[in-house]
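Quick notes on the structure that follows.
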Amino acid sequence: MEVVLADALLARCGDPCALLRAVCAPLSAERAEALRLLLQRLAAGGPPGAGEAEALRRAAWEVALERCRPLLRGGEAAAGGAERLRLARAARGALRHCVQLCGAPLAARLARDALAELAAGGGPGAEAAVEALVAAAPRLEEPALVEQCVVAALALLREEGEGEPAALVAARLLPALGGNGAALRRVWEGLVGGGGCGAPPRAARALLALSALGEALFGAAALDARLCPRFWRVVQEGLTERDALCRKRGRYLLQRAVDAAASQRAELRCPPRGGDESSLFWWSVEKNEKLLQFWETYILIMETLEGNQIHVIKPVLPKLNSLYEHAISGKKGCWLFHPSWHMCIYKRMFESENKTLTKEGILHFLELYETKHLPNSLEFLEFVIGPLMDALSESSLYSRTPGQLMGACPPLGLRLQKFLTTYLMLLPDEEKGSFLLKFIQKMASRHWCAVPILFLSMALAYIPACKILGTDGLHALRDVLQCTMITHQILLRGAAQCYLLQTAMHLTDVEKVSLPDVASFLMSLRPEESLRRDTMLWMELCSWLQVNDRFFRKSVKCDFECKEMSSLCLYVRSLVGEYLKTPVSERENCFMPDWFEAKLVATMILLAADVEEMRNKYSGKSNIEWIELKAFLNPLLDVLMKLGSNAYIPTLKTDKSLQLLLKLLQTRSLKCSNPQDDGVLIFIWKSLMTPVESILEFVLRRLTTNELSTVGDLDRCDLYLALIPEVVNLCLQVSWKKVPSIKNFIFSLTNASIRNLQKTNCEEEPKLKEQIKKVASMASLTVVCEVMNQKPEVHLESLPSVDALKKFISFSQYNQVLKKPSYVEEKSSLCEEPTSQGWGKIVARYVHDQWICLRFILTKFHTAEPVLEDKLLELSSSTVERLTKILQAALEALTILPSDHVLPVFDSMKVLVPKLLDSAEFLCIEAFDLAWKIISSLSNTQLIFWSNLKAFVQFIFATEVLAVAASAKGQAYAKIKEIIFKLIDMSTTRTGVFNIVISHCCRSWIFSTFDDRSAFKNTFLNAGNYCELITEACVFGTVFRRDQRLIQDVHAFIENLGEKCAANVVTESTNRDDHYVRVCAIKFLCLLDGSNILHKMFMEDIVIKLLDKDELVSRSRTRYYANSLQHRIKNRIWQTLLVLLPKLDQNFLCETLNKVFQAGFVNNQASVKYFIEWIIILSLHKYPYFLNKFWDCFCYDEEKLKTSICTFLSVLSHFDIIIQNTSEKKPALKKALIVVLQWCFNHNFSVRLYALIALKKIWGMCKMLHVEEFEALTPVIESSLQQVENMHGAGNARRNWQRIQDHFFFATFHPLRDYSLETIFYTLPRLSELAEDEWISLCKFDRFTDIPLPATFQWYHSRTELLDLKPSDWSQQDMGSNLVETDSQTEWTDVQKKIIPWKNSTPSSDLELVFQDRAAKLGKSNSRLIVVASLIDKPTNLGGLCRTSEIFGASALVVSSLHYVQDKQFQHLSVSAEQWLPLIEVKPSQLVDYLQQKKTEGYTIIGVEQTAKSFDLTEYCFPEKSLLLLGNEHEGIPANLIHHLDVCVEIPQQGIIRSLNVHVSGALLIWEYTRQQVIKQKQQK
């Protein structure tokens, strides 16, 4: 209609130039659109006369430069909004038609002006300049001008940021320039490099431009992108980009290249980079079909990966195997297709947001070398070191598969071991070392979590022994060791250290490394976590050193030694000698030497000694002379013997010798329970006995005289004090002859220290030397107290100095601090003056040492007086007053001491609080609160939290504290219960807290020692007073997060390795597994005796509380999910009740059985149901006269029984066990038969099955006992049972009947024989399909040794018949029974085949965009919305869109073919809407032209697509003239059309599934457009 009007106007007006000028002033949006239309018709008309043509060119020139260009410079975003947008778009169309009328001159003018504007800085005018270049490009003729346009276009494309010019260049300017062959070549060179136009743009921009040039890139004589390696690298980068739009462009270019090659059938080969490398792309006429099949499979896989849904992607993975079959030629070592294409697929999978897909991709890649003989490729090696290792850093990938048992190695761990071994063995020998070095360096180059670094280390350790690592490899392994130290999981980092040491032993080429290199590496291992004597790892290291002794690279220091001596011995001898050498001139040194050297020397001495012992054993020597070990120790012994007599030995030398001595003395033997069996240790100890007197004399002199005078000397003081208990232990282990020397030393040290501390300082500012001396003296007294406490067999309490110590500590000022000294006289000292913070640490240490001494005095001499019944004798007022002052001082100490210094204060309060609870309860409560405040503040501190928590628990839950608080039942009692629940709450976030509490309490309550001095005779009363602790322990355990479960699984895996992993032997067992809380509580309950009145009352109280808790859980949630927290709590409750059941007496059970029956009426999960049934069966078996109560359960109405009747019928299926102890069986059988028969006719099929299984059991018993009363019923019952056996002959009914009979609870389970801890806590939860983290295996009961069960405990193991069963809940068997393994399917029917839009149709020579006749009859719609659905090919979606578009008044619906209208599915969905809505046919190949035309008409092109810059539908404001482009059902909007969109809109999603149905998406946008237009119309009115 517009065209007709324009033609009529031009025909009526004789002067078109005047008409143009009239339309131009003033130029509104409507006038601009009219101007565009007039120019379009003038340009499309025939050639006018010469004079008329010149006038028309002048008018068009004037319109272009004076009207259109200024409008475009104003920008589309200027004031005016949608109106301004229409104006600018009309101006663009008018400018293009002006160039058509004026030709090359105007094109050149516009190009020069635009280039000048771009050179001036771009800014807001850049888009207008680009639009001018777009209009001018088709008519440019000057080569220089074309060159400048290309350079400008590429410069805009390279610009960083998210501006519009780059997209505009790609969508409009580059295709325009591409029409010229020379310009296209220059653009191509600029995009891929090498053209002198600067560096090529980044991949995203290059893909944007290449997609725009897609039509011109393939098949041209002058340019074929398929022959350029850089082009394929850009495509591969695009395929693996994180941005979905870049990936789509990469797939678009790949598909276009393949389609062009297939249609042209030409011989192509992209030149490879190297001589032996395969080509990135090639095509052969002979192999056309195979090549097409390969690339179609490849593109299908890449498109499917976009789904990110494993159930869609998994069926496609087998196609990946077929790619390798096509990619590798029969000739070994040759790739037909470059391996980088395969790496793109894996990289895409590795970087997926779906971790399940990532894991599948990694497993598939690792499996390649097990199943495929792949040729060696540099691409593979780089990929393993790069993307693969990056992907392996994700901890969640190492989880177990659902079918694996806890403690098994995860699949990824196993696959990693096999892959690394296979891959390394297939590499050429010259490449193995470099690959492995890069692999290890990659491990050290980033922060790894504990789980990945563990399994990578394990994979390295499992590589078969080969000599491929040199010094660099050993250094790289040492760097990896440093990475493992970052993790908090001690067991995991210890295991990783073990595997890295094994890696070093297996893979190091000893001829390339020296023993100093090895020793330096060994020092990175922590002996308390991995490398420790007598472990299998230590013995393996000794054996490795022995076997390779002669092959290590010689170090300079060892060249002069004799050949008969081993290299290791030579090295250790020289090491000890060099270690003890010190400069003669330097006698005094303020600072202690680093401990690293002492640790190194001690470790190497022990290793060499063990190697010597191993060598002698292999040679058959029985009497070992220890020649080498003696040679190692002699230099040390020489120095130690001189310590006492030679006061001029350099301080550095004494420090080093004592450090080495301490390290040797701290060596413990793991192998021998009796240290006397360790030959190496015994020889070392005996050798070190000689200089004991000299050492003690030296230490006494240094500690008691003025030789320690600086802050740096405090480190030496710590060294000397650490030696004292070790020397005492040495004397007790080797020879008691030295004990008198020990006593003399302790006597002298104590007296001298007390004298030093008693000296008063008259000066206002004390000197540093005096204060340091006091610190050392107090620390010395601390060591004396600890030695007396730990070594009572020495009887040091009898020394006279102990009384002096007791008096001194008792009458000293509490929390005495040391004033910061003056440093005037210390200026000449080499030591730095300590800051206030540094001196504060010294003072804290001084106060801490005071409390250690005070703790010793309180525990040894101020324990409770003799007991009288259950109460303490009243203390004298003076004693109470003194103890109150001490407690007040303790509270003050807690406020001033750092958190890592409060342990002795806690221990002191443990003695004080019980004595003061009656007289100073408020003070004791304050102590509780302050102690809890400290513990809660430390909950995120790994290093000191656990030691402080243990001390806190020992204080709060001390037997005397609990007893006295419970006897008064006052505020202290309530406070302790409050702390119990706070600790339980803390346990939910900090695993292991409750373990410490429950372990301490159970041990102290059940294994109390009845000391005459104890303030409480029967500690088990505490269990009754604080039974909440046991109750909560029985049901304790949270539902862990996935990452927490992963750590637990890996812990279990390492623990299952046993002694094979040294970390299991040397790391301290923390028992922080949540299962240990319940294990401790259950073992505690198992030890109770029902004949003990206290135990009996306690158990009954626990049973009542557990039943109440079960009722509370049931009331709070009537229905709960399987494996939810509610399910787990109920399961734990009934497990505990089942353990206690045999210990309960008849009267109590009679009272509580009704509650058990009531629990059976609740809708329970399967595992809970089994436990309730089991308890009922055992109760009725033990006390058959409870049967009447049981029969009452069947008397309720059907409404109450509908969810529970199966529970009571299941009990009857074990009726033979129930009446086993009944003399009168026939009446019971009669009653049971009557009850069961009425349920055999229930309308519910499941109820009938349970009733029939019970009937079968009861009827069998009736026949066995010959019950005559039921002879009349025999035919009926027999025929019924026979009929059910042959139920329908087949089908679900028949299968379910067979399954319920085979179910473990009815077929195998025996309520009496299977009563055991293993059945209750492991077997039955497993068979009832409870979550695996609820299974408690017997090994956990064995490992938890804090509470041992008696050897006579009989209820321990399940029967083998039950253990061997697999879960088979009959009611769940139909689920998945007919599933087939989709992985094995290789047909194309199992994947979502995606449609490539450009194949759908061929371009039409004539694009006729007119409405059908019926559209004209309908009248013009008020809406200006056009819905374009040409990419949609499903009639159902098109029919639905037609109906939606008509309802909301869209102006037209564009489809790819009008033939869809005749489709019955279309008509069924459209319900005649096509009769009332204009339908337009635009084929997919015509969409670009159609969209461009609509843009010139002022339409905004809106795409429904998720991109980086897409708008949220809820925030986007639709222009009135909107064109909605909907994508294909599977592929979406093709990459070549996305450039032409003005805006992308996405629908906000909150679910998991990636996309909506295209009809639904379109309907949402159509409605939102309509809603906004309706609101605008109302506002205008």
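The values are calculated or read from the model by the stated rules, or taken from the named source; none is laboratory data. Keep in mind that this is a model prediction, so the values were computed, not measured. Positions of Cβ are backbone-derived with ideal geometry, glycine not excepted, and every protein chain shown enters the neighbour counts. The protein model used for the area step is the full one, side chains on, heavy atoms only, and it has no ligands, DNA or RNA in it. Shrake-Rupley method; radii C 1.70, N 1.55, O 1.52, S 1.80 Å.
Where in the range 1471-1581 are the helices (runs of 4 or more DSSP H), entirely inside, with at least 2 residues that are small (Gly, Ala, Ser) and touching a residue at least 24 places away in the same chain (Cβ under 8 Å)?
Counting at least 2 such residues, we get 1558-1580.
Only one of 328, 362, 385 is closer than 20 Å to residue 435 by Cα, of a type in the set (A, V, I, L, M) and open to solvent by 20 Å² or more (accessible area, probe 1.4 Å). Can you tell me which?
After ruling out the rest, the residue left standing is 385.
Being farther than 16 Å from residue 135 by Cα, in a helix (DSSP H, G or I), of a type outside the set (S, T, N, Q) and at pLDDT below 85: is that true of residue 71 here?
Considered against the rule, which asks whether it is farther than 16 Å from residue 135 by Cα, in a helix (DSSP H, G or I), of a type outside the set (S, T, N, Q) and at pLDDT below 85, residue 71 comes out as no.
Residues that are more than 27 Å from residue 578 (Cα to Cα) and touching a residue at least 24 places away in the same chain (Cβ under 8 Å): which helices (runs of 4 or more DSSP H) entirely in the range 467-562 hold 1 or more of them?
471-484, 490-507, 536-547
Which of the residues belonging to the range 1090-1148 are part of a loop (DSSP other than H, G, I, E, B), open to solvent by 50 Å² or more (accessible area, probe 1.4 Å) and among the hydrophobic types (A, V, I, L, M, F, W, C)?
Of everything in the range 1090-1148, just one residue is part of a loop (DSSP other than H, G, I, E, B), open to solvent by 50 Å² or more (accessible area, probe 1.4 Å) and among the hydrophobic types (A, V, I, L, M, F, W, C), namely 1122.
Cβ-Cβ below 8 Å, separation at least six or inter-chain, first residue in the range 1289-1304 and closer than 23 Å to residue 1211 by Cα, second in a helix (DSSP H, G or I) and at pLDDT below 80: which pairs?
Listed pairs, sorted by first residue: 1296/1370; 1296/1371; 1297/1284; 1297/1285; 1299/1370; 1300/1370; 1302/1370; 1303/1370.
Being open to solvent by 10 Å² or more (accessible area, probe 1.4 Å) and either among the acidic types (Asp, Glu) or closer than 12 Å to residue 459 by Cα (or both) is the filter here; which residues of the range 476-505 pass it?
479, 499, 502
Which residue is nearest to the chain's Cα centre (by Cα), if the candidates are limited to the range 1318-1367 and must be open to solvent by 60 Å² or more (accessible area, probe 1.4 Å) and of a type in the set (Ser, Thr, Tyr)?
1345
Restricting attention to the range 1556-1572, which residues are surrounded by fewer than 17 Cβ atoms within 10 Å (Cβ to Cβ) and within 15 Å of residue 1533 (Cβ to Cβ)?
Listed by number, the list holds a single entry, 1556.
Is it the case that residue 752 is open to solvent by less than 20 Å² (accessible area, probe 1.4 Å) and farther than 23 Å from residue 661 by Cα?
Yes; evaluated as a whole, the condition is true for this residue.
Checking the condition more than 56 Å from the chain's Cα centre (by Cα) and of a type in the set (Lys, Arg), which residue from 773, 769, 759, 791 passes?
759
Can you pull out the residues in the range 1332-1356 that are modelled with pLDDT of 85 or more, in a loop (DSSP other than H, G, I, E, B) and either in contact with a Ser or Thr (Cβ under 6 Å, 6 or more places away or on another chain) or under 18 Å from residue 1122 (Cβ atoms) (or both)?
The answer is 1335, and nothing else.
Just to be sure I understand the filter: pairs with C-beta atoms under 7 Å, separated by 6 or more residues or on different chains, first member in the range 1249-1273 and over 13 Å from residue 1225 (Cα atoms) and open to solvent by less than 60 Å² (accessible area, probe 1.4 Å), second member part of a helix (DSSP H, G or I) and aromatic (Phe, Trp, Tyr). Which pairs pass?
Here the result reads 1249/1297; 1251/1239; 1253/1306, each pair linking the range 1249-1273 to a residue that is part of a helix (DSSP H, G or I) and aromatic (Phe, Trp, Tyr).
I need the helices (runs of 4 or more DSSP H) fully contained in the range 305-366, keeping only those with at least 1 residues that are charged (D, E, K, R).
317-327, 340-350
Could you grab me the full set of residues in the range 438-465 that are open to solvent by 30 Å² or more (accessible area, probe 1.4 Å) and closer than 10 Å to residue 503 by Cα?
462, 464, 465, listed by residue number.
So which residues in the range 746-774 are assigned to a helix (DSSP H, G or I) and touching an Asp or Glu at 6+ places or on another chain (Cβ under 8 Å)?
Selection gives 768, 772.
Need pairs with beta-carbon distance below 7 Å; first residue in contact (Cβ under 8 Å) with a residue 12 or more places away in the chain and within the range 52-76, second open to solvent by less than 60 Å² (accessible area, probe 1.4 Å) and basic (Lys, Arg); sequence gap 6+ or separate chains.
Here the result reads 72/92; 76/84, each pair linking the range 52-76 to a residue that is open to solvent by less than 60 Å² (accessible area, probe 1.4 Å) and basic (Lys, Arg).
Taking interchain pairs and intrachain pairs at least six residues apart, which have beta carbon atoms under 7 angstrom, with the first residue in the range 1346-1365 and more than 16 Å from residue 1081 (Cβ to Cβ) and among the acidic types (Asp, Glu) and the second open to solvent by less than 90 Å² (accessible area, probe 1.4 Å) and modelled with pLDDT of 85 or more?
1361/1308
From the set of residues in the range 1234-1248 that are within 19 Å of residue 1301 (Cα to Cα), of a type in the set (A, V, I, L, M, F, W, C) and in a helix (DSSP H, G or I), which is most open to solvent (accessible area, probe 1.4 Å)?
Of everything passing the filter in the range 1234-1248, 1245 is most open to solvent (accessible area, probe 1.4 Å).
Please work out which residue is least open to solvent (accessible area, probe 1.4 Å), limiting yourself to the range 911-946 and to residues that are polar (S, T, N, Q) and within 28 Å of the chain's Cα centre (by Cα).
If we take residues in the range 911-946 being polar (S, T, N, Q) and within 28 Å of the chain's Cα centre (by Cα), then 939 is least open to solvent (accessible area, probe 1.4 Å).
Looking at the range 761-777, is at least one residue under 15 Å from residue 853 (Cβ atoms), open to solvent by 40 Å² or more (accessible area, probe 1.4 Å) and not basic (Lys, Arg)?
No: the range 761-777 contains no residue that is under 15 Å from residue 853 (Cβ atoms), open to solvent by 40 Å² or more (accessible area, probe 1.4 Å) and not basic (Lys, Arg).
Among the residues of the range 275-294, count how many are open to solvent by 30 Å² or more (accessible area, probe 1.4 Å) and over 41 Å from the mean Cα position of the chain (by Cα).
8
May I ask you to list the residues in the range 956-972 that are in contact (Cβ under 8 Å) with a residue 12 or more places away in the chain and farther than 21 Å from residue 903 by Cβ?
963, 964, 965, 966, 967, 968, 970, 971, 972
Is there any pair with a first residue in the range 792-815 that is on the phi > 0 side of the Ramachandran plot and a second that is surrounded by 11 or more Cβ atoms within 10 Å (Cβ to Cβ) and in a helix (DSSP H, G or I) whose Cβ atoms are under 7 Å apart and which are 6 or more apart or on different chains, and what are they?
Taking only residues 6 or more apart or on different chains, the pairs are 815/847; 815/889; 815/892; 815/893; 815/896.
Taking the range 399-418 as the search range and keeping residues that are free of Cβ contacts under 8 Å to residues at least 60 places away in the same chain and assigned to a loop (DSSP other than H, G, I, E, B), which one is most open to solvent (accessible area, probe 1.4 Å)?
402
Cβ contacts < 9 Å: first residue at pLDDT 70 or above and open to solvent by 40 Å² or more (accessible area, probe 1.4 Å), restricted to the range 612-626; second residue charged (D, E, K, R) and not in a helix (DSSP H, G or I), any location; separation 6+ or different chain. Result?
Listed pairs, sorted by first residue: 615/621.
Of everything in the range 964-982, what is open to solvent by 10 Å² or more (accessible area, probe 1.4 Å) and closer than 22 Å to residue 911 by Cβ? Give them in sequence order.
Within the range 964-982, 964, 967, 968, 970, 971, 973, 975 qualify.
Give the range 627-659 a look and list any residue that's of a type outside the set (Gly, Ala, Ser), surrounded by 15 or more Cβ atoms within 10 Å (Cβ to Cβ) and in a loop (DSSP other than H, G, I, E, B), or say none.
Within the range 627-659, 649, 650 qualify.
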